[in-house]
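The values are calculated or read from the model by the stated rules, or taken from the named source; none is laboratory data. Source: prediction; values computed, not measured. With ideal geometry, Cβ positions are generated from the backbone for all residues, glycine too; neighbour counts draw on all protein chains shown. Side chains included, ligands, DNA and RNA excluded: accessible areas come from the protein's heavy atoms. Shrake-Rupley method; radii C 1.70, N 1.55, O 1.52, S 1.80 Å.
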Amino acid sequence: MTEMRSRRLMLVHAHPDDESINNGATMARYAAEGAQVTLVTCTLGERGEVIPPELRHLSGAALGGHRLGELKDAMRALGVTDFRLLGGAGRYCDSGMMGLPDNDDPGCFWQADVDQAAGLLAEVILEVRPQVLVTYDENGGYGHPDHIQAHRVAVRAVELAAGAGWDVPKVYWNRVPRSVGEEAFAKLNGELDGLPFEKAGVLDDVPGVVDDERITTVIDGTAYASAKAAAMRAHATQITVADPYFVLSNELAQPLFTTEYYELVRGERPLSRESDLFAGVGEAP
Ligand SMILES: [Zn+2]
């Protein structure tokens with residue numbers, strides 16, 4: 001293995017595109033600052049809805065392969081070189097939206113044995129020894145089975161790794177403060193006429209929205225706004241960007257946040273908001 005960087009950030013996500021939407025600016029910033037940034041994606045998003053008509057013939061493994069290519073392009077845009085699929089590409093497949101028969105596919109991530117999947121993730125944690133791990137809350141941010149499962153697997157993997165030699169000091173959930181979301185949607189509604197999108201979404205469509213006081217950490221990614229937008233554009237089957245807005249396959253415009261927000265859930269809660277995920281973490285390996 002290559003030399004160990006002093007600051008190491010790991011992100012656990014469900015599908016290719018989630019990392020760029022949620023954490024693109026954060027990933028670009030820490031990669032640019034010389035931190036080790038490791039992305040673990042749990043599925044290839046084989047059941048995602050495809051936006052571009054010319055690519056709608058893609059489904060299943062073919063879509064997964066295509067999305068792996070999109071993920072590689074996104075990581076290049078963010079300057080991130082260490083990205084992995086949990087258990088290797090194709091080990092777990094996309095579970096589809098909650099309530100669909102897809103959820104019963106024995107190969108899908110929703111059907112995965114949590115301890116087994118967490119064991120695979122714990123191996124990565126023990127290799128990388130991140131001081132910071134970022135994932136979703138217990139509802140997966142918005143209730144998608146793969147996001148909920150990513151949360152469960154990440155939480156369990158942190159426990160397993162702690163018992164096997166690496167106790168991750170800080171764990172965060174992806175968040176959007178309600179006041180920031182409300183302001184951004186008000187601005188979006190005012191600007192909608194000038195955008196290539198017909199309709200605006202609503203704040204309830206955005207994963208991880210919570211009351212402002214729960215936010216512990218704010219990462220100002222303004223300097224990495226173009227890298228984040230480029231990474232999101234790389235996921236062209238899933239996202240259409242008209243910076244500073246974007247749509248998913250539901251075609252409802254949303255704000256593209258370049259300041260990213262987090263809630264610390266493992267580690268000592270700071271007295272005031274942090275501006276660095278590594279705040280309080282010692283430099284020693
Ligand atoms: Zn997702």
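Residues in region 141-182 that are within 16 Å of the ligand (Cβ to nearest atom) and either closer than 20 Å to G87 by Cα or surrounded by fewer than 17 Cβ atoms within 10 Å (Cβ to Cβ) (or both): Y142, G143, P145, D146, H147, I148, Q149, A150, H151, R152, V153, A154. Those strands (runs of 3 or more DSSP E) of region 182-250 in which at least 1 residues are in contact with a Lys or Arg (Cβ under 7 Å, 6 or more places away or on another chain), considering only elements entirely within it, cover 217-220, 240-242.
Tell me, which residue of region 43-65 that is open to solvent by less than 70 Å² (accessible area, probe 1.4 Å) and away from the ligand (no atom under 16 Å from the Cβ) is nearest to G140 (Cα to Cα)? Filtering region 43-65 for residues that are open to solvent by less than 70 Å² (accessible area, probe 1.4 Å) and away from the ligand (no atom under 16 Å from the Cβ), the one nearest to G140 (Cα to Cα) comes out as G60. Considering every residue within region 187-194, establish whether at least one is touching a residue at least 12 places away in the same chain (Cβ under 8 Å) and touching a Cys at 6+ places or on another chain (Cβ under 8 Å). The answer is no; no qualifying residue exists.
Inside region 216-242, can you point out the residues that are of a type in the set (A, V, I, L, M, F, W, C) and open to solvent by less than 10 Å² (accessible area, probe 1.4 Å)?
I219, A229, A231, M232, I239
A122 meets all of the listed conditions (1) more than 16 Å from the ligand (Cβ to nearest atom); (2) surrounded by fewer than 22 Cβ atoms within 10 Å (Cβ to Cβ); (3) more than 14 Å from the chain's Cα centre (by Cα) but one, namely (2). One residue is enough: does region 23-42 have a residue meeting the conditions within 16 Å of the ligand (Cβ to nearest atom), open to solvent by 50 Å² or more (accessible area, probe 1.4 Å), in a loop (DSSP other than H, G, I, E, B) and not acidic (D, E)? The answer is no; no qualifying residue exists. Filtering region 198-239 to residues that are farther than 16 Å from G24 by Cα and of a type in the set (S, T, Y) leaves T216, T237. Within region 135-157, identify whether any single residue is under 24 Å from Q36 (Cβ atoms), outside any helix (DSSP H, G or I) and of a type outside the set (G, A, S), and answer yes or no. Scanning region 135-157 turns up at least one residue that is under 24 Å from Q36 (Cβ atoms), outside any helix (DSSP H, G or I) and of a type outside the set (G, A, S).
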